[in-house]
Amino acid sequence: MGSRSSHVAIPDADSIRRETGFSQASLLRLHHRFRALDRNKKGYLSRMDLQQIGALAVNPLGDRIIESFFPDGSQQVDFPGFVRVLAHFRPVEDEDTETQDPKKPEPLNSRRNKLHYAFQLYDLDGDGKISRHEMLQVLRLMVGVQVTEEQLENIADRTVQEADEDGDGAVSFVEFTKSLEKMDVEQKMSIRILK
Amino acid sequence: MEGAELAGKILSTWLTLVLGFILLPSVFGVSLGISEIYMKILVKTLEWATIRIEKGTPKESILKNSASVGIIQRDESPMEKGLSGLRGRDFELSDVFYFSKKGFEAIVEDEVTQRFSSEELVSWNLLTRTNVNFQYISPRLTMVWVLGVIVRYCVLLPLRVTLAFIGISLLVIGTTLVGQLPDSSLKNWLSELVHLTCCRICVRSLSGTIHYHNKQYRPQKGGICVANHTSPIDVLILTTDGCYAMVGQVHGGLMGIIQRAMVKACPHVWFERSEMKDRHLVTKRLKEHIADKKKLPILIFPEGTCINNTSVMMFKKGSFEIGGTIHPVAIKYNPQFGDAFWNSSKYNMVSYLLRMMTSWAIVCDVWYMPPMTREEGEDAVQFANRVKSAIAIQGGLTELPWDGGLKRAKVKDTLKEEQQKNYSKMIVGNGSLS
């Protein structure tokens, strides 16, 4: 018995909050979720912990999403790292766009950072360009065995050609952003956590 | 010398008491009402504790992390609507938004993971193991808790272990003896008697209080009984009220001894590990069993694994392909008195049994349901889902389409292929590839 409370104190809660912009309540919920996913109570998540989520494992981009939690070849993600990636999907509030202090880094859920996250899902080797080959591979992940190689190559060629402006055969982040100018990125890449 | 004599005397009085008050009534299926009195006292104590706790907690700390309420606002639009980009249906760079959003929704909240941890209680039941949210309230409560610990570990545990030991030994000895007899109705009657007595003893060793509802629908000979699975104790609970033929793998050790003894008296269906993989062989043997109308009904748990008793997961279709009449049974435990869920990744069998024996009691409801058969034009999967719904509704459990095997293994690729198929149809199926 004794005074065991239900919330384990989140280490560095304040700095995480400043960095990601999540409210205290949202952070608590995410921390609870982190602990639930961390089955063996290791204090960090491994790829396997994320792969156990059924709905994520059937997602055609599931593997790419899981990879995005483990940048630079790491094998573990701790709670701050977990929340940092999730922060990309925080809805854009009015308060974020108002006070744009030029000295502070751009918030993680800005339009640019959301687009950058999506860009990373395509950019397999992280070199800042989506080559035709990478496009083909990601497409293959999304369609599985349902589409022939020829059809897939056609789609990949068309997509790269349309977005590629400087003719180098690859799509850079700037070109990527330009081709999605008109898209309502903020709405499509946001998940609202209920109070 | 005197000490040993005294100990011997105490032991023998203890055993005679146990024999008289518990074992003999079990043989005749009679209850002396001792457990009812125990339960009444227990319920009163827990009610008192609940009131004290509610008076004690400040209002804000009721931050219910209730698993059933969603924490994110879900956009349940189908893939087509969610993927509509600037140009309609062809592939676009923005398609990745939809999938990544769905992926992240699953990361933040999914309905399966929470089914493999024990159900959280609304109010504490004075067991440390269920103390998730509850804080120190008052010295009186602590006293009651300490008293509870003493009662559970020093009084109840030895009693229960003795009973369990006697129960299992009697089972092994009894069934072996009965197995020596030639096949006859006397043998069947004796084997039933032995099974029922030993099961009743074992149930008492867990302080089990079981309510059977709708006994008129109890599974008949030549049928198949299916039930939702929460723990190995499910078997005990069902066999206390009737004899079943069990299906399962041959184990080693203690379980193996019990299995081998039981099969001498009564035709259970045990498979070698290698045989289990051959589904045709399994189906064939089960079909043979139910074809013989004199044989006991088979007991099967189609979920294939233990779930935490808040929901029912996918029923594997194998049991529903055999044919015959299905007798569904719903089992719901009352978590207030003890958590019956066996989290096999967290606890092994022995520690699980010890936890069971140091809980207050195992209280559960068993509902027998009217028999169901496969209808015309219904395939095994649809039939399985129909039975699953019926059991979920009766037991007050939620229904999930996911496979319980997700606990251990990764999701089957077929489910992922379905998503990929849907997506491919959209970007390719329209023909406009240019």
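Give the residues of segment B:389-413 that are under 21 Å from B:V312 (Cβ atoms), at pLDDT 65 or above and not in a loop (DSSP other than H, G, I, E, B), sorted by residue number. Correct list: B:S389, B:A390, B:I391, B:A392, B:I393, B:Q394, B:G395, B:T398, B:E399, B:G404. If you check A:I66 against the conditions, is it in contact (Cβ under 8 Å) with a residue 12 or more places away in the chain, buried (at least 16 other Cβ atoms within 10 Å of the Cβ) and in contact with an Asp or Glu (Cβ under 9 Å, 6 or more places away or on another chain)? Spelling it out, it is not the case that A:I66 is in contact (Cβ under 8 Å) with a residue 12 or more places away in the chain, buried (at least 16 other Cβ atoms within 10 Å of the Cβ) and in contact with an Asp or Glu (Cβ under 9 Å, 6 or more places away or on another chain).
Exactly one residue out of B:V178, B:V151 is of a type in the set (V, I, T) and without any contact (Cβ under 8 Å) to a residue 12 or more places away in the chain, and it is B:V151. For segment A:157-175, filtered to residues that are of a type outside the set (V, I, T) and buried (at least 20 other Cβ atoms within 10 Å of the Cβ), the residue that is nearest to the other protein chains (Cβ to nearest Cβ) is A:A163.
Per-residue answers, yes or no, for (1) within 11 Å of chain B (Cβ to nearest Cβ); (2) in contact with a strand residue (DSSP E or B) (Cβ under 8 Å, 6 or more places away or on another chain); (3) closer than 30 Å to B:E417 by Cβ; (4) part of a helix (DSSP H, G or I):
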| residue | (1), (2), (3), (4) |
| --- | --- |
| A:G43 | no, no, no, no |
| A:P60 | yes, no, yes, no |
| A:R64 | yes, no, yes, yes |
| A:F82 | yes, yes, yes, yes |
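With respect to being surrounded by 17 or more Cβ atoms within 10 Å (Cβ to Cβ) and either under 26 Å from the mean Cα position of the chain (by Cα) or small (G, A, S) (or both), B:N188 falls outside the description.
Against the condition within 27 Å of A:D14 (Cα to Cα), surrounded by fewer than 21 Cβ atoms within 10 Å (Cβ to Cβ) and of a type outside the set (A, V, I, L, M), how does A:R90 come out, does it pass? Step through it out loud before you land on a result.
Values: within 27 Å of A:D14 (Cα to Cα): yes; surrounded by fewer than 21 Cβ atoms within 10 Å (Cβ to Cβ): no; of a type outside the set (A, V, I, L, M): yes.
In short, no.
When you go through B:P219, B:P232 one by one, which is the residue that is closer than 30 Å to B:R374 by Cβ and either in contact with a Gly (Cβ under 8 Å, 6 or more places away or on another chain) or of a type in the set (S, T, Y) (or both)?
Values: B:P232 fails: either in contact with a Gly (Cβ under 8 Å, 6 or more places away or on another chain) or of a type in the set (S, T, Y) (or both).
The conditions single out B:P219.
Residues in segment A:125-184 that are without any contact (Cβ under 8 Å) to a residue 24 or more places away in the chain and touching a strand residue (DSSP E or B) at 6+ places or on another chain (Cβ under 7 Å): A:A163, A:D164. Scanning segment B:191-205 for residues that are of a type in the set (V, I, T) and surrounded by fewer than 18 Cβ atoms within 10 Å (Cβ to Cβ) returns no hits. The set of residues in segment A:185-195 being crowded, with 18+ Cβ neighbours inside 10 Å and in contact (Cβ under 8 Å) with a residue 24 or more places away in the chain consists of A:V185, A:M189, A:S190, A:I191, A:I193.
In segment A:14-31, which residues are within 12 Å of chain B (Cβ to nearest Cβ) and either surrounded by fewer than 16 Cβ atoms within 10 Å (Cβ to Cβ) or in contact with an Asp or Glu (Cβ under 8 Å, 6 or more places away or on another chain) (or both)?
At the first step, the residues of segment A:14-31 found to be within 12 Å of chain B (Cβ to nearest Cβ) are A:22, A:24-26, A:28-31.
Within segment A:14-31, A:Q24, A:A25 qualify.
Filtered by the rule that a residue be in contact with a Ser or Thr (Cβ under 6 Å, 6 or more places away or on another chain), within 10 Å of another protein chain (Cβ to nearest Cβ) and either on the phi > 0 side of the Ramachandran plot or of a type outside the set (A, V, I, L, M, F, W, C) (or both), segment A:123-156 gives a lone residue, A:Q146. Quick check on A:A13: is it of a type outside the set (S, T, Y), more than 30 Å from B:K416 (Cα to Cα) and at pLDDT below 85? For A:A13, the condition - of a type outside the set (S, T, Y), more than 30 Å from B:K416 (Cα to Cα) and at pLDDT below 85 - is met.
The values are calculated or read from the model by the stated rules, or taken from the named source; none is laboratory data. Please read these numbers as outputs of a predicted model, since none were measured by experiment. Note that each Cβ is placed from the backbone with ideal geometry, even for glycine, and that neighbours are counted across all protein chains shown.
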